[in-house]
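So the structure is just underneath, and the comments pick up after that.
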Amino acid sequence: MCKIKIILGVALVLALTGCNAKKSEQEKSVQKPAELKSLSKDEGAKKEENKEPEKKADEIVNLSTEEISKFVADYHLNDAERFVNHKIDYTLVFDYSGGYDTKVYADLYEKMLVYIIQKDDKIYVSNIVHVIATGKTFIKIKMDSGMEGFINLGRNPYKDGDYEVVDSMEVDGKKINLLKLEDKYVIDNKTGLYEKPSEKSKKICDAYVEKFNGYNPSSLITEDYKWVKMSFETDDGTVTGWIKASCLGQDRGGPTFYTPEATIFWELIGANEI
């Protein structure tokens, strides 16, 4: 009986010793709140050191010409649900006194700045693109370096359908396209009002400031921008015919006609020269 008690006592002592040792190991593995806080600070500092700095709005992204071209090509400009795309062949040289802060983007949402225009740069414009979702209009350009991109134009020359082909006409043995142009103009110089956009056609009457005073509505312009179809109110009623574009004017700033080409020049250079 005595031997049994001794054996049980030894077993109890060994069990208690094992529990205490296990408890001690667990306490060592548990960090105190202060230690955790300190570790958190160190880890945060390391993360902050490894964190890439945020890109500034005017910071140019580091992309190769090939990478930029790929981004530009990814936009399917003929997707009529997203874009209204017009092709154009126009070259502009920045050799005037303004426009050198013009920004070139690899995207149509102005998030990837790839270049800022410098003096004497030349751009070749191939498209005027209106983004339906944002209401913004851009030109697609290429430079001598091979770089491509988009520039925010600010104004859409095709707004309300202006400068879209809406009709055609036989003039002096040639078929010409007629573009929509709804605006109002004054007569600057004495000229003639003709049945067709040609001085060889029948003259309806002379046109001059005293006869056709004030602003008068236009409806069409020839594709070479040289003739405008207009209507004038007279004592004998409304007279409609074709008049030379060079004899018309506006009292606002900017070009007399915001043709696609004139719009590009004015928005990027001309407006900066005033």
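I'd like to check something: does the stretch 144-159 contain any residue that is in contact with a strand residue (DSSP E or B) (Cβ under 7 Å, 6 or more places away or on another chain), outside any loop (DSSP other than H, G, I, E, B), over 30 Å from Val114 (Cβ atoms) and not β-branched (Val, Ile, Thr)?
no
Scan the stretch 92-138 for residues that are open to solvent by 10 Å² or more (accessible area, probe 1.4 Å), in contact (Cβ under 8 Å) with a residue 12 or more places away in the chain and either hydroxyl-bearing (Ser, Thr, Tyr) or closer than 13 Å to Gly154 by Cα (or both) and report the count.
14
Which residue is surrounded by the most Cβ atoms within 10 Å (Cβ to Cβ), if the candidates are limited to the stretch 171-196 and must be assigned to a strand (DSSP E or B) and among the aliphatic types (A, V, I, L, M)?
My answer is Ile187.
Can you tell me how many residues within the stretch 183-196 are over 19 Å from Glu233 (Cβ atoms) and modelled with pLDDT under 95?
Result for the stretch 183-196: 1.
Testing Tyr124 on (1) modelled with pLDDT under 95; (2) of a type in the set (Phe, Trp, Tyr); (3) in contact with a strand residue (DSSP E or B) (Cβ under 9 Å, 6 or more places away or on another chain), one condition comes back false. Which one is that?
That leaves (1) as the condition not met.
Pick from the stretch 197-224 the residues that are part of a loop (DSSP other than H, G, I, E, B) and crowded, with 18+ Cβ neighbours inside 10 Å: which of them is modelled with the lowest pLDDT? Show your work before the answer.
If we filter the stretch 197-224 for residues that are part of a loop (DSSP other than H, G, I, E, B), which is where we start, we get 197-202, 208-215, 223-224.
Subsequent filtering for residues that are crowded, with 18+ Cβ neighbours inside 10 Å retains 197, 212.
Working: Pro197: 97, Phe212: 81.
Checked the stretch 197-224; the qualifying residue modelled with the lowest pLDDT is Phe212.
Anything in the stretch 225-235 that is modelled with pLDDT of 95 or more, open to solvent by less than 80 Å² (accessible area, probe 1.4 Å) and either aromatic (Phe, Trp, Tyr) or in a loop (DSSP other than H, G, I, E, B) (or both)? List them, or say none.
Quick first cut of the stretch 225-235, residues modelled with pLDDT of 95 or more only: 225-230.
Of the ones still in play, those that are also open to solvent by less than 80 Å² (accessible area, probe 1.4 Å) are 225, 227-230.
Correct list: Tyr225, Trp227.
Here's a check for you: in the stretch 238-274, which residue that is closer than 18 Å to Lys103 by Cα and touching a Pro at 6+ places or on another chain (Cβ under 6 Å) is modelled with the lowest pLDDT?
In this case the residue turns out to be Trp266.
The values are calculated or read from the model by the stated rules, or taken from the named source; none is laboratory data. Because the structure is a prediction, the values reported are computed rather than measured. Here the Cβ is made from the backbone with ideal geometry for all residues, glycine too, and neighbour counts use every protein chain on show. In case anyone asks, the SASA skips ligands and DNA or RNA and just uses the protein heavy atoms, side chains included. Shrake-Rupley method; radii C 1.70, N 1.55, O 1.52, S 1.80 Å.
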